[in-house]
Amino acid sequence: MNILQPIGRVFLGFLRTTGRLSLFTGGVFAHAVRPPFYPRIILRQMIDIGYFSLPVVGLTAIFAGMVLALQSYTGFARFSAEGAIANVVVISITRELGPVLAGLMVAGRIGASLAAEIGTMRVTEQIDALTTLSTNPMKYLVAPRLIAGLVMFPCLVLIADVIGVFGGYLVAVYKLGFNPSIYLQNTYDFLQAEDVNSGLVKAAVFGGIVTLMGCYHGYHSQGGAQGVGRATTNAVVSASILILCFDYILTALFFTQ
Amino acid sequence: MADDTPKIRMRDLHKSFGTKQVLRGLDLDVGVGESVVVIGGSGTGKSVMLKCVLGLMRPEQGSVEIDGQEVLTMAADEREEVNRHMGMLFQGGALFDSLPVWENVAFGLLAQKRVGRPEAKEIAVSKLAQVGLGPEVGDLFPAELSGGMQKRVGLARAIAADPDIIFFDEPTTGLDPIMADVINDLIVKTTREVGASALSITHDMASARKIANRIAMLYEGRIIWQGPVADIDHAGNEYVDQFIHGRAEGPIKMAVRA
Ligand SMILES: Nc1ncnc2c1ncn2[C@@H]1O[C@H](COP(=O)(O)OP(=O)(O)O)[C@@H](O)[C@H]1O
Ligand SMILES: [Mg+2]
């Protein structure tokens, strides 16, 4: 008996959270497509989410590409298959590492800051103040951030793809002694539109996940500074886990017939 | 509409959080052009009452009428329209810290697209002047202001759209006595200037005496006494007596476990 009680409680909690989250998500999308729109805020969020994430995403991507080239060289040399390095690098980066690493890095950066910002607005009654000034907080605060996330994540990932492939190229050419033009030719020949496209779709989904998690946890935070801290942690953890889950689901949808 | 329709009419409001009953059948009217102050100890549900009127919280039971119209069952856009005629000064100011002061003040006007940005700034500057702040304050950010200045900016924001009803949540809490009196004077002056009805909550008796036409006392989720300011000192109610004299001894027992 006693063992069932906590399990039931956790299960009910899970259902409640899922329900609230679905309502929240549905509400945001409904608000995002109906006026009034806030172009100034959308633009500012795009700069925040996109432009200011470039350094961290770029660094992650270049090291991922370099490590990938190095690792696959040590592995493939055993089978004298070094020629496949360009292939491995470009496929792994565009399909997987670009979107997932960029998603996780930006989840830490943006998910946390959204949750902290909106959470602080909640506990200092700024969200209530919006309502009294005939402004819908879902429209004014959440929808622009979601739109910015959906648009900017694919852009970031496209840049990460290029930088990642370039990282692999650097290691292959300057450390492993590959011929530059053959390496680039290999990269180009193996690459298919589907690889990049699937990565960009993943990126858009991850952008939605990160912004929604940040906003949701901030929006529902309560209990002062401590509550905001908890919201921040929950936003990053839940966004990261959801990114990994959805990565699997999307991969399964795209690449298994 | 009959002339005696109150501006705000609350009936039998009930609101609880979990097992904690905060409002337990609250009745209160605010007449047109009247300034009603609700007094009561901390945590008695004064802010909760205001939030129920503003539509920020939904009471489990009861009715709130504004100009004779039931607002609790309204559709969201109708409710938004009603809120356009209200202004609220929050307990902590609740200024938007990502926006400069003038945009805070003009926020409601800009949100309703009543005016363009240049004109909104002019109106903001004139509202700031009404609360005794110079135009240079308009370009500062809320974090750069002292507590008293934040309260003034909050007040300017509350009156910016010329509301019919203004709500004040503990306008003088956390201010020194002189600044508190300045704010009281401003509240009296600005509500009169825009010709609004006012519903304020406070536990500061000096402030209540100054801004109220009528005082009501909230205790255990109900209004236990109300009457003109002049009557407060001989209310004949031991709860009111204890509260206005701030005595620890009396019928009001401070809940030691909240
Ligand atoms: N959002 C909320 N969730 C849970 N409890 C709340 C909430 N808001 C207010 N309360 C509780 O309601 C009671 C009254 O709060 P409030 O109206 O803020 O008091 P005050 O009269 O000091 O303004 C307090 O005990 C508080 O804990
Ligand atoms: Mg309060």
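The values are calculated or read from the model by the stated rules, or taken from the named source; none is laboratory data. All figures in this text were calculated on a predicted structure; none of them were measured in a lab. Note that we place each Cβ from the backbone using ideal geometry, even for glycine, and neighbour counts take in every protein chain shown. What goes into the accessible areas is simple: the full protein's heavy atoms, side chains included, and nothing from ligands, DNA or RNA. Shrake-Rupley method; radii C 1.70, N 1.55, O 1.52, S 1.80 Å.
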Comparing A:Gly207, A:Gly103, A:Gly229 in a Gaussian network model of chain A (Cα, 10 Å), the one with the largest mean-square fluctuation is A:Gly229
Set B:Lys15/B:Lys127; A:Lys139/B:Lys189; A:Lys175/A:Lys202; B:Lys113/B:Lys210; B:Lys51/B:Lys127, cut-off 28 Å on Cα-Cα distance; pairs above it are B:Lys15/B:Lys127; A:Lys139/B:Lys189; A:Lys175/A:Lys202; B:Lys113/B:Lys210
Chain B, Gaussian network, Cα under 10 Å: of B:Gly154, B:Gly138, B:Gly116, the residue fluctuating most is B:Gly116
Shape call for the range B:41-108, from the Cα gyration tensor axes a ≥ b ≥ c (a/c under 1.5 means rounded, otherwise prolate when a/b beats b/c, else oblate), comes out oblate
Whole-percent carbon and sulfur contribution to the accessible surface of the range A:62-209 (1.4 Å, no ligands, DNA or RNA) stands at 68
Residues of the range A:99-143 that bury at least 30 Å² of accessible area, probe 1.4 Å, when all protein chains are present rather than the chain alone, are A:Glu125, A:Gln126, A:Asp128, A:Ala129, A:Thr131, A:Thr132, A:Leu133, A:Ser134, A:Tyr140
In short, the range B:102-137 residues buried by 20 Å² or more of accessible area relative to the isolated chain (1.4 Å probe) are B:Phe107, B:Gly108, B:Ala111, B:Lys113, B:Arg117
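Rounded to a whole number, what % of the accessible area of chain B do carbon and sulfur atoms account for, probe 1.4 Å?
In chain B, the share of accessible area belonging to carbon and sulfur is 51 percent.
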Connecting every pair of Cα atoms under 10 Å apart in chain B and solving the GNM, the largest mean-square fluctuation among B:Leu145, B:Leu128, B:Leu155 falls on B:Leu145
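If packing is taken as the mean number of other Cβ atoms within 10 Å per residue, what is the order of A:45-58, A:88-101, highest first?
Descending packing order for the listed peptides: A:88-101, A:45-58.
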In terms of the alpha carbon gyration tensor, root eigenvalues a ≥ b ≥ c, rounded if a/c is under 1.5 and otherwise prolate when a/b exceeds b/c or oblate, the range B:154-253 is prolate
Probe 1.4 Å, heavy atoms of protein chains only: per residue, the accessible area of the range B:11-96 in Å² is 41
Helix B:147-159 sits off the longest principal axis of the Cα atoms of chain B, rounded to the nearest 10 on a 0 to 90 degree scale, by 80
When B and A pair up, the total accessible heavy-atom area removed from solvent (1.4 Å probe), in Å² to nearest 100, is 1700
Here the whole-number average of other chain Cβ atoms within 10 Å per Cβ of B:83-95 is 4
Here the percent of antiparallel bridges among DSSP beta bridges lying wholly in the protein assembly as shown, to the nearest 5, is 55
